[in-house]
Amino acid sequence: MVAEANELIRGSGHELAAGLRAGAFSSVELVEAHLAAAERDNHGLHAWLTIEDTGARAAATAADSRLVQARREGPAVLAGLPPLLGLPVALKDLVSVEGGQCTAGSRILEGYRAPYDAHITERLRAAGAVILGKTNMDEFAMGSSTEHSAFGPTSNPWDLDRVPGGSSGGSAAAIAAFHAPFGIGTDTGGSIRQPAALCGIVGMKPTYGRVSRYGIVAFASSLDQIGPFARDSRDAAALLHAVAGRDERDSTSAPVPVPDALLALAASDDAAAGALRGKRLGLPREYFVAGMEPGVEARVREAVAALEAAGATVDEVSLPHTEYGLATYYIVAPAEASANLARYDGIRYGRGRRDGDTLSNELATRGEGFGAEVKRRIMLGTYALSAGYYDAYYLKAQKVRTLIKADFDRLWDAGFDALVAPTSPTVAFRFGARLADPVSMYLSDACTLPVNMAGLPGVSIPCGLSDGLPVGLQLIGAPWSEAGLLELARGYEAITADAAWRGLEPTQLALAGDPTQPSPAERAAALAGAA
Amino acid sequence: MASLSRDDVAHVAHLARLGLTEAELGRLEGELNHILDQYTRLTELDTEAIAPTAQTIELENILRDDLVKPSFPQATALANAAATSDGFIVVTAILGGGD
């Protein structure tokens with residue numbers, strides 16, 4: 001049974017969906033196998049802040065009833081069931097689930113219970129997906145390593161002494177470790193794509209406005225977007241399809257139709273590879289930045305060569321304002337964060353101090369409730385918005401944002417289908433390596449944050465290993481081109497289906513399930529002591 | 001662009017309603033100036049004639065009908081507050097001295 005369970009959790013979402021429809025196993029069996037893996041590894045990986053086994057079992061039982069009923073009613077009804085029915089999904093702990101915790105990785109929201117479901121939670125429930133629990137993250141999604149979680153770090157299953165990336169590191173590690181085939185993250189400057197790259201999975205940031213953010217803890221409102229994690233492009237597309245679309249409760253969610261092409265990515269490798277022929281791709285030279293690891297650059301250039309060999313045209317292009325992306329982002333995002341996080345006063349909800357007068361209570365609540373990185377960003381943002389500095393910082397950054405967006409617009413006007421770039425300049429780094437210097441941590445997102453500034457969709461897909469650690473290939477597209485990007489991603493999967501690295505599993509997965517091994521927090525402390 | 005003194009850091013912390021320790025103020029003075037240094041390169045760009053971008057999708061004035069809709073029951077809305085009384089959230093007095 002344990003061997004069978006270990007086999008079961010390795011299936012992709014679409015394989016598992018087929019198995020459920022065929023009656024090869026039940027959703028309850030599937031969910032038990034995933035829960036067992038998540039619980040076994042949580043000491044060694046700490047991907048989950050909470051595992052909701054009771055709710056998951058109830059949802060799985062309900063899914064099994066729907067499956068039994070549909071099987072009785074015939075093949076047409078069975079085929080019409082939602083793709084995610086009965087399949088486990090991991091939610092980043094900033095997605096509201098009614099009655100459940102929603103900490104956003106912060107002490108200040110410890111004990112808070114969400115009074116309602118987020119829009120995407122409603123959509124996932126309607127699709128019959130089984131929510132397994134809530135995953136670890138950098139506090140308020142501010143970070144690139146998940147080390148800024150108030151509840152301790154998460155390990156990367158490829159090397160337990162290394163970070164999974166962030167801020168959605170818990171979801172990325174959980175999907176890489178086969179705890180669920182589907183995961184939800186949010187991406188403000190790279191927080192889905194960068195951890196996907198570092199953990200060797202697929203992660204997509206959709207177009208700004210594609211997915212309703214109703215019920216999601218806000219970080220930077222002109223940048224935040226919800227997106228899927230999965231182990232292949234077809235699953236990522238199916239999850240995006242399930243959660244995307246207009247919702248009147250988030251007026252920034254756009255009334256743009258969600259293409260059913262997301263559910264029709266080619267199953268056969270031949271058809272998927274064929275779709276690459278004639279595609280016009282751009283290779284932005286500014287994304288091969290100083291400080292990029294040679295192994296990462298080599299894998300990305302090999303991927304580009306493979307795409308060309310499959311019939312795509314790849315031209316070097318320029319995004320001349322890329323070098324200003326980091327400074328622009330680190331003005332705009334903290335400014336918006338300082339406004340969004342002003343709501344945490346400990347009065348209506350969340351942890352609060354109430355032993356002094358109004359002002360001293362608020363100062364103490366926020367001083368004690370927020371961690372170091374969140375305080376740093378609130379300080380930066382407050383300063384950038386303060387009287388006398390607004391024009392020099394915030395307005396200036398918004399103008400440079402126009403230039404960054406225009407760089408991309410020129411390439412879409414010139415007829416490029418997508419851009420190909422590295423996701424992260426490096427593979428996963430060791431705990432503590434970038435904690436001492438905030439700017440070194442911010443540089444982790446140099447290749448991803450311009451995409452948020454321009455509001456574009458981007459997807460990171462695995463393209464091999466460097467020094468035994470995963471490398472991510474980033475595909476960037478014009479607004480609303482998610483289906484096209486995922487078709488390219490699927491094509492790349494098809495042409496590399498036989499690559500030696502494809503079948504490899506995270507190297508230290510077995511170690512993660514060993515209760516005698518140190519926890520991620522203990523590993524981080526040991527590395528800090530050794531430094 | 002300006003560099004931040006220790007007093008500036010304390011002033012910004014007060015604006016942001018962050019109660020910070022002396023050690024935090026000292027560390028932030030160094031860190032914020034280091035980060036602000038990275039911003040100076042934006043002054044290289046002439047943006048005089050460039051319009052600012054506040055958001056990236058072409059949506060404006062999203063309106064809805066002004067209809068009464070169900071909202072949370074009072075108990076749900078108050079459930080996360082630390083102190084309530086007769087259907088209200090209890091806060092410390094803002095006006096008046098003493099009691």
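Out of (1) under 14 Å from A:Pro83 (Cα atoms); (2) open to solvent by less than 40 Å² (accessible area, probe 1.4 Å), what's the single condition that is false for A:Arg21?
All conditions are met except number (2).
Is it fair to say A:Ala76 is under 26 Å from A:Leu265 (Cα atoms) and either open to solvent by 60 Å² or more (accessible area, probe 1.4 Å) or out of contact with any helix residue (DSSP H, G or I) (no Cβ under 8 Å at 6 or more places or on another chain) (or both)?
Here the answer is yes, as A:Ala76 does meet what is asked.
From the residues in the stretch A:332-348 that are modelled with pLDDT of 95 or more and open to solvent by 50 Å² or more (accessible area, probe 1.4 Å), which one is farthest from A:Glu368 (Cα to Cα)?
Per the stated criteria, the residue is A:Ala339.
In the stretch A:380-396, how many are within 7 Å of chain B (Cβ to nearest Cβ) and assigned to a helix (DSSP H, G or I)? Show your work before the answer.
Within the stretch A:380-396, the subset within 7 Å of chain B (Cβ to nearest Cβ) is A:380, A:382-383, A:386, A:392-393, A:395-396.
So of that shortlist, the ones also assigned to a helix (DSSP H, G or I) come out as A:380, A:382-383, A:392-393, A:395-396.
Number satisfying all stated conditions: 7.
Tell me, which strands (runs of 3 or more DSSP E) lie completely within the stretch A:398-477 with 1 or more residues that are among the polar types (S, T, N, Q), surrounded by 22 or more Cβ atoms within 10 Å (Cβ to Cβ) and within 13 Å of chain B (Cβ to nearest Cβ)?
Counting at least 1 such residues, we get no strands (runs of 3 or more DSSP E) at all.
If you go through the stretch A:6-22 one residue at a time, how many are within 26 Å of the chain's Cα centre (by Cα) and either at pLDDT 95 or above or of a type in the set (Gly, Ala, Ser) (or both)?
Number of matching residues: 11.
Based on what the data block shows, is A:Asp235 touching a Ser or Thr at 6+ places or on another chain (Cβ under 7 Å) and within 14 Å of chain B (Cβ to nearest Cβ)?
no
Report whether or not B:Glu31 is at pLDDT below 95, over 20 Å from A:Asp391 (Cα atoms) and charged (D, E, K, R).
Considered against the rule, which asks whether it is at pLDDT below 95, over 20 Å from A:Asp391 (Cα atoms) and charged (D, E, K, R), B:Glu31 comes out as yes.
What tally of residues in the stretch A:212-230 results from selecting those that are open to solvent by less than 10 Å² (accessible area, probe 1.4 Å), outside any loop (DSSP other than H, G, I, E, B) and either out of contact with any Lys or Arg (no Cβ under 8 Å at 6 or more places or on another chain) or not polar (S, T, N, Q) (or both)?
Final tally of qualifying residues: 5.
Would you pick out the residues in the stretch A:247-270 that are surrounded by 16 or more Cβ atoms within 10 Å (Cβ to Cβ) and under 19 Å from A:Ile216 (Cα atoms)?
A:Asp247, A:Asp250, A:Ser251, A:Thr252, A:Ser253, A:Ala254
Which is open to solvent by less than 70 Å² (accessible area, probe 1.4 Å) and either among the β-branched types (Val, Ile, Thr) or closer than 21 Å to A:Leu341 by Cα (or both), of B:Leu42, B:Leu4, B:Leu25?
After applying the criteria, what remains is B:Leu25.
Of the numbered conditions (1) surrounded by fewer than 24 Cβ atoms within 10 Å (Cβ to Cβ); (2) under 24 Å from A:Ser268 (Cα atoms), A:Ala528 satisfies every one except a single condition; which is it?
Result: A:Ala528 fails condition (2) only.
Need the failing condition index for A:Ala303 against (1) farther than 30 Å from A:Leu473 by Cβ; (2) surrounded by 17 or more Cβ atoms within 10 Å (Cβ to Cβ), just the number.
It is condition (1) that A:Ala303 fails.
Which of the residues that make up the stretch A:314-350 are facing chain B (nearest Cβ under 8 Å) and either among the hydroxyl-bearing types (Ser, Thr, Tyr) or assigned to a strand (DSSP E or B) (or both)?
A:Tyr324, A:Thr328, A:Tyr330, A:Ser338, A:Tyr349
The values are calculated or read from the model by the stated rules, or taken from the named source; none is laboratory data. Since this is a predicted model, take the numbers as computed values, not measurements. Virtual Cβ from ideal backbone geometry, glycine too; neighbours counted across all protein chains shown. For the accessible areas, the whole protein counts, side chains as well, though only heavy atoms, and no ligand, DNA or RNA atoms are used. Shrake-Rupley method; radii C 1.70, N 1.55, O 1.52, S 1.80 Å.
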